[in-house]
1. Distance from the Cα centre of region 120-155 to that of region 79-107, in angstrom?
2. Size of the dipole of region 49-146 about the Cα centre, Lys and Arg at +1 and Asp and Glu at -1 on the beta carbon, nothing else charged, in debye to 20?
3. For THR8, project a label point 7 Å along Cα to C-beta. Then give me every residue of region 37-57 with its amide nitrogen under 13 Å of that point.
Amino acid sequence: MKHFFRNTKERMLDQKRDPVLDNLDGGITTIEYPEEVRPYPERFRGLHRLTIRDDGSPRCVACLCCSTACPAQCIHIEPEEYPDGDERRGYERYPAKFVIDELRCVFCGFCVQACPCDAIRMDTGMHPTAYDSRDQFIYDKDILVEMPSRDGGRRTANPRHEPGDPTHPGISRDHDH
């Protein structure tokens, strides 16, 4: 009971300690959520996001590695080929449909580790907000592309070197091997 009265007095006199910066040896401190929010650590796995290329399209090549690695099977991708005449046709695909069910997700990060082109990230620093229906927790490609990272950007820090670029480390399609 003494903790209750001490916390109430500190709250009324605006002497409430910061539970993150101060040690907790002096007693129990209360965070008045949602007015007060404890800052997340740097390694916190927040909501998913899709990173984009320079032209604004998602970096995802629909390889299905993330959906295969997901233990909760919460990622659904429908791959599609690029149209005729596009230089990427036959070389890579794009996700016609990319859906993540955040209620089924266990936030393990396996999808991020499995992605070969750094298209999916969990660095938003946000947790799912409270909604009133299950449908609002199902995020499609448009929502995932609009999610910002902690620094507010939508791109990734890891550059992607496309085949044909002078910085591409691998073999291009133009060479016969």
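Quick note: the coordinates plus some simple rules give every number you see, no bench work behind them. These numbers were taken from a predicted model, which means no experiment stands behind them. Cβ coordinates were reconstructed from backbone atoms using ideal geometry, including for glycine residues, and neighbour counts include every protein chain displayed.
1. Centre-to-centre distance over Cα atoms comes out at 18 Å.
2. My answer is approximately 340 debye.
3. Within reach of a label on THR8, which here means backbone N under 13 Å from a point 7 Å along Cα→Cβ, region 37-57 contributes nothing.
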